[in-house]
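Every read-out reported here was derived from the displayed coordinates using simple, explicitly stated rules and does not represent laboratory data. Model, not experiment: these values are computed from the prediction. Backbone-built Cβ (ideal geometry, glycine too); neighbour counts: all protein chains shown.
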Amino acid sequence: MSKVRALRLLASVMGYACVAIGLFHVLGGNLAIPGATSAGATVDSLGRFLGAIFAGYGIAWLWAGRQSTVPAAAVRLLTAVFFLGALGRLLSLAVEGRPHWFQLALGALELVMSPVLFWLADADESAQRGRTAEGVPPAAAPHTSSEG
């Protein structure tokens, strides 16, 4: 699989997963947070609000992955936010102790995927520059679709 195809695939997976998870939290409230079902109204309100924000974050991933050339700056920014979330989980682990196992698994995934996404961030722009350097005008350059 090419780096461009991998970038588009991961942007799509990130986007759909974040939208689904975000909406699950909006609809489920505390029930959507493993180990926090009886956390009370304040945590429920916060969780539903952050769920909506997370769904929006997913929409941003979907937008980035569907551009004719995936913008490296957008991928880097979205990945930085993702990595910041992983660092937040590590801070929570240090301050509050061990969370539910699922939160640990998510933190590990975030720590592993962040460098991969940073590495892939400019794949499409680099490929586009290479095609332009070869004399292929951008409109004639083959478009790597996220559909297939």
Peptides ranked, highest mean first, by Cβ atoms within 10 Å: ranges 41-51, 58-68: 58-68, 41-51
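Compute the FRET efficiency between Leu93 and Thr69 as 1/(1 + (r/R0)^6), taking r as their Cβ-Cβ distance and R0 = 35 Å, and round to the nearest 0.05. It would help to have the intermediate numbers written out before the result.
On the way: r = 38 Å, r/R0 = 1.09.
After rounding to 0.05, the efficiency reads 0.40.
Restricting things to Cα coordinates, could you compute the convex hull volume per residue of the chain in Å³? Please report the intermediate quantities before stating the final value.
Working: hull volume 16.4 nm³, N = 148.
In the chain, the Cα convex hull volume per residue is 110 Å³.
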Euclidean distance between Cα centres, region 4-30 to region 63-138, Å: 13
Radius of gyration and Dmax over the Cα atoms of region 4-85, both given in Å: 14.3, 46
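Only helices at least 24 Å long along their axis, Cα-based, and averaging 0.5 or more on Kyte-Doolittle count here, so list those DSSP H runs from the chain. Present the calculation step by step, with values, prior to reporting the outcome.
On the way: long enough: 3-28 (36 Å, 1.36); 41-65 (36 Å, 0.98); 72-96 (35 Å, 1.63); 101-120 (29 Å, 1.54).
Counting only whole DSSP H runs, the qualifying helices are 3-28, 41-65, 72-96, 101-120.
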